[in-house]
Amino acid sequence: MPYTSINHPLGVPFIEINTVDSSNNYAVQQVHKGLAEHGTAYFAYEQTAGKGQRGKLWVTKPGENIVLSVVLNTKGLQISQQFDVSMAVSLSVFDLFIKYALTDTCIKWPNDLYWCDRKAAGILIENLIYGKEWQWAIAGIGININQTVFDSGITHPVSLKQITGKSYDPVLLAKELCGCLEKRLKQLIDKGGATLLAAYNNVLYKHNLPIKLKKDNAVFNCTLKEVNAFGQLVVQDTMERVFNVGDVEWVIA
């Protein structure tokens, strides 16, 4: 990330949108039009076709949660550093959430946020790469804040309100999140990806515990060892195995 851009505060400008299909789609369009810069944040009160990981939809109640996309200028980073930025985003969401939830908050590989065994947030980063240059990353972040009733098709959801019994202002929290992300990106620039990786593994969901994964049609038990610097999941059963994002699915009862 260019040192000239990293000094530009994230969340400036902070643009609020009443309704949009996907905040990430909107952010990408603005980048292509030359209307976004490093740090521009788009907050959507309602998202009609939100995108999650693996082509899934991110369904959220209008006005109750954080639906945010932040534009990051990545021209000073290598394409091989995509997971470094992913960790910075994940850790920033962790930083915000645990401040209010206080305990039991973890990052579930690759970039969901869990409270106990329930999903509180999801992240989708879309990278704009032209030739060999990684120019932009759009960090899409959805966090359950005030929602207490969820669609029956959503498995194991939880919101900050369900955890604490309190209601929050999603806009104010989203602006605070931009500050958390700014600190984590500065950490990446100043200290490198290894520091972020240590912090990421320190709050990793099911770290050093038995888990169940599914690959193709086979479900198997293993122990989660760590996530490595390439963003791969390292597990142990009869031998050590390494999986890329998309190779396996979690099986959570």
Within the range 35-72, work out how many residues are at pLDDT 85 or above, part of a loop (DSSP other than H, G, I, E, B) and polar (S, T, N, Q). 3
Determine which member of the set S159, S152 is buried (at least 18 other Cβ atoms within 10 Å of the Cβ), in the same structural domain as S90 (by TED's automatic domain parsing) and among the hydroxyl-bearing types (S, T, Y). S159
Mind counting the residues in the range 194-210 that are in a strand (DSSP E or B) and surrounded by fewer than 19 Cβ atoms within 10 Å (Cβ to Cβ)? 1
Within the range 73-120, the residues that are among the charged types (D, E, K, R) and either closer than 17 Å to P157 by Cα or in a helix (DSSP H, G or I) (or both) are D84, D95, K99, D104, K108, D112, D117, R118, K119
Selection count, the range 180-219, where residues are in contact with a strand residue (DSSP E or B) (Cβ under 7 Å, 6 or more places away or on another chain) and among the hydrophobic types (A, V, I, L, M, F, W, C): 7
Quick check on the range 122-135. Is at least one of its residues modelled with pLDDT under 95, out of contact with any helix residue (DSSP H, G or I) (no Cβ under 9 Å at 6 or more places or on another chain), closer than 27 Å to Q81 by Cβ and outside any strand (DSSP E or B)? yes
Of the residues G193, G246, G179, G153, which is at pLDDT below 95 and closer than 30 Å to L77 by Cα? G246
Among (1) β-branched (V, I, T); (2) free of Cβ contacts under 8 Å to residues at least 24 places away in the same chain; (3) assigned to a loop (DSSP other than H, G, I, E, B), which single condition is I252 missing? (2)
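The values are calculated or read from the model by the stated rules, or taken from the named source; none is laboratory data. It should be emphasised that the depicted structure is a prediction, and the values quoted were computed from it without experimental measurement. For neighbour counting, all protein chains shown are included, and Cβ atoms are generated from backbone atoms with ideal geometry for every residue, glycine included.
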